[in-house]
Amino acid sequence: SDSPTLVNGTIVDTLLGDLLDAANPYVTTSTCAATLATGASCAISATRTVLATDPDPLPNTVTVHYNPDGFPNDISDSDTHLVGLVHPAYTLDKMCGPDSGAVGTLITYTIIITNTGDVALNRISATDTLLGDVTAAFPASLAPGASATIVLTRTIQSSDPEVLVNQITTVYQVNGLPNQLTRTDACSVTVLKFCAHSPGFWKGGDGVQRWDEATDLLGG
């Protein structure tokens, strides 16, 4: 209780910089200052987004220095924490078959999803521009290296455009983390439109004016 107050304090982090700097963009809350009374404690909260250039594992060391008030002694301590980094990724490929058809043709959509990262992924949603919410058709979780094939079908409708584009969007989340990854792929089908052709009003294909013959009920 009779120890002198600590003064001239510095708190420096290898990733976050000077934690006593009021302008430090990483610091969210702090009760620490350059002076620390005997028996007192303080706390600093800070956040930082992992960068693509960060090493794996990511080391993080904070070092504190204080002087006892009135003495030259350097009172110092440090602590280090390692964060293991994960590299989430997955691919989404969509194929249509057949690539053309008339109204009533059944189109099969084959979707392949593959976890190409090093961490498990959990399903959030899957939405198709033609089929709507197809989340239930996709695996609830996907382990690293795992792949799944989803087959969906739809019949060409009379209201469909000549080039029928079908797009799928999936969202998966890193297992145990808030990170979400979105992937999109699309394929298209040509809708064949058939027309009835008349032989023509004046020339019916054989050079005869069909509607002006004497046998025509409207003829003279």
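The values are calculated or read from the model by the stated rules, or taken from the named source; none is laboratory data. Here the structure is a predicted model, which is why all the values come from computation and not from measurement. Cβ coordinates were reconstructed from backbone atoms using ideal geometry, including for glycine residues, and neighbour counts include every protein chain displayed. These area figures cover heavy atoms from the full protein model, side chains too; ligands, DNA and RNA do not enter into them. Shrake-Rupley method; radii C 1.70, N 1.55, O 1.52, S 1.80 Å.
Here are some notes:
- Remark: the chain carries 61 Å² of accessible area per residue (probe radius 1.4 Å; ligands, DNA and RNA excluded).
- Charged-residue dipole, Cβ positions (Lys, Arg, Asp, Glu), the chain about Cα centre, Debye nearest 20: 780
- Note: relative contact order over the chain, using C-alpha pairs below 8 Å and six or more positions apart, is 15 percent.
- With all protein chains in place and a 1.4 Å probe, the accessible surface of segment 37-90 carries 56 percent carbon and sulfur.
- Radius of gyration and maximum dimension Dmax of segment 1-129, Cα, Å: 27.0, 92
- On a per residue basis, the convex hull of the C-alpha atoms belonging to segment 16-61 measures out at 92 Å³.
- Apolar share of the accessible surface for segment 101-199: 53 percent from carbon plus sulfur atoms, 1.4 Å probe.
- Amide H within-cut-off set for Tyr90, under 5 Å, with H built and near neighbours excluded: Thr116
- Listed values for segment 11-21 are Karplus-derived 3J(HN,Hα) couplings in whole Hz (6.51 cos²θ - 1.76 cosθ + 1.60, θ = phi - 60°), namely 10, 10, 10, 5, 9, 9, x, 6, 7, 9, 6, and x replaces Gly and Pro.
- Under-5 Å amide H pairs with Val134, H placed in peptide plane, nonlocal only: Ala126, Thr127, Asp128
- The chain has equivalent-ellipsoid semi-axes of 76, 19, 12 Å, by the square roots of 5 times the alpha carbon gyration tensor eigenvalues, sorted largest first.
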